[in-house]
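Trainee: Sharing a structure, written as structure tokens. Questions coming.
The values are calculated or read from the model by the stated rules, or taken from the named source; none is laboratory data. As the structure is a prediction and not an experimental result, all values here were calculated from the model. Positions of Cβ are generated from backbone atoms using ideal geometry, with glycine treated the same way; all protein chains shown enter the neighbour counts. For accessibility, only protein heavy atoms count, side chains too; no ligands or nucleic acids. Shrake-Rupley method; radii C 1.70, N 1.55, O 1.52, S 1.80 Å.
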Amino acid sequence: MTDIGDSIPPVPLTLPDGSSISAADYAGKAWVLYFYPKDDTSGCTKEAQEFSAEMAAFEAAGVSVLGVSKDPPKKHQKFIEKYDLTVPLASDAETDGLAEAMGVWIEKSMYGKKYMGMDRSTFLVGKDGKVVRVWRKVKVAGHVAEVLAAARSL
């Protein structure tokens with residue numbers, strides 16, 4: 001499980017245009033990596049909209065943002081277009097992908113049924129490539145503002 005002081009594993013993710021991105025692409029830059037369960041659901045939509053609304057503020061703080069879910073790239077593209085999102089999104093569809101490597105692909109339970117799902121989690125990474133702040137089991141309300149405040153303090 002990735003924690004403060006750790007590096008983000010350089011596992012490749014797929015962007016909506018089919019190109020790849022990984023932690024290595026952020027070398028020397030501060031960035032936010034946030035994991036969310038599913039495109040086009042209420043909480044995930046609100047979180048993506050709030051990150052999109054604050055993209056200029058993150059950029060002014062010198063911090064990039066990347067959202068990640070297990071959804072395929074084509075679904076990300078539809079999600080982006082439907083809500084005019086500006087936050088970059090990437091797909092982690094691999095069985096042994098980044099979510100597993102970081103400990104955010106977890107067993108969940110709903111109505112007594114167990115299943116694997118994404119733990120809504122956010123990681124703030126410093127310019128040295130080390131995680132400086134971790135939020136797990138994120139509640140969407142107020143989260144982006146809290147992440148932005150932490151990003152500004154880097």
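Trainee: Mean separation of Cα pairs under 8 Å and 6+ residues apart, divided by the residue count of the chain: what relative contact order is that in percent?
Mentor: Averaging sequence separation for qualifying contacts and normalising by length gives 33 percent for the chain.
Trainee: Which of ALA24, HIS143, PHE58 sits farthest toward the positive end of the charge dipole of the chain, with +1 on the Cβ of Lys and Arg and -1 on the Cβ of Asp and Glu?
Mentor: Comparing the listed Cα positions along the dipole, HIS143 ranks first.
Trainee: A further question on this structure: Which whole-Hz couplings ³J(HN,Hα) result when phi for each residue of segment 101-115 is put into the Karplus expression 6.51 cos²θ - 1.76 cosθ + 1.60, θ = phi - 60°, listed in order with x for Gly and Pro?
Mentor: 4, 9, x, 10, 9, 10, 7, 10, 9, 9, 6, x, 9, 8, 7
Trainee: Less than 13 Å apart at the alpha-carbon level, and either on another chain or at least 8 residues along: which aspartates and glutamates does that give for LYS70?
Mentor: ASP39, ASP40, ASP92, GLU94, ASP96, GLU100, ASP119
Trainee: Shifting gears a bit: Can you list, bin by bin at 5 Å, the percent of alpha carbon pairs in the chain, starting at 0?
Mentor: With a bin width of 5 Å, the distribution comes to 2, 9, 20, 24, 23, 15, 5, 1, 0.
Trainee: Also, quick follow-up: Could you tally up the Lys pairs in segment 97-154 with alpha carbons closer than 27 Å? Skip any pair fewer than 8 positions apart unless they're on separate chains.
Mentor: Summing the qualifying lysine pairs gives 9.
Trainee: Follow-up. Please give the calculated 222 nm ellipticity per residue for the chain, where each DSSP H segment of at least 4 residues contributes -39500 (n - 2.57) and the sum is spread over every residue; nearest 500 deg cm²/dmol?
Mentor: -8000 deg cm²/dmol
Trainee: Follow-up. Given charges of +1 on the Cβ of Lys and Arg and -1 on the Cβ of Asp and Glu, with all other atoms neutral, how large is the dipole of segment 49-154 about its Cα centre, in debye to the nearest 20?
Mentor: Here segment 49-154 has a charge dipole of around 360 debye.
Trainee: Something else: Under a Cβ-only charge scheme (Lys and Arg +1, Asp and Glu -1), can you give me the dipole magnitude of segment 1-88 about the Cα centre, in debye to the nearest 20?
Mentor: About 260 debye.
Trainee: Could you tell me the convex hull volume per residue, in Å³, taken over the Cα atoms of segment 57-119?
Mentor: 127 Å³
Trainee: Would you list, by chain and number, the aspartates and glutamates whose Cα falls below 13 Å from the Cα of LYS29, excluding same-chain residues fewer than 8 positions away?
Mentor: Straight-line reach from LYS29, under 13 Å: GLU59, ASP128.
Trainee: Could you put SER69, SER42 in order of accessible surface area, largest first, with the 1.4 Å probe and the full protein assembly present?
Mentor: Final ranking, largest accessible area leading: SER42, SER69.
Trainee: What is the Cα coordinate range of segment 1-74 on the first, second and third principal axes, sorted by size from largest, in whole angstrom?
Mentor: Sorted from largest, the Cα extents of segment 1-74 read 32, 27, 27 Å.
Trainee: What do you get for trypsin sites (Lys or Arg not before Pro) in segment 88-150 restricted to DSSP loop and a cutoff of at most 11 other Cβ within 10 Å of the site's Cβ?
Mentor: Those satisfying the criteria are LYS137, LYS139.
Trainee: Which lysines, on any chain, are close to LYS82 with Cα under 18 Å apart, when same-chain ones fewer than 8 places away are left out?
Mentor: Result set, ordered by chain and number: LYS38, LYS46, LYS74.
Trainee: Can you pull the percent of segment 22-154's accessible area that's carbon plus sulfur, 1.4 Å probe, other chains left in place?
Mentor: 53 percent
Trainee: Further, regarding this structure: Using the heavy atoms of the protein chains alone and a 1.4 angstrom probe, what is the accessible area of segment 98-139 per residue in square angstrom?
Mentor: Per-residue accessible area for segment 98-139 comes out at 56 Å².
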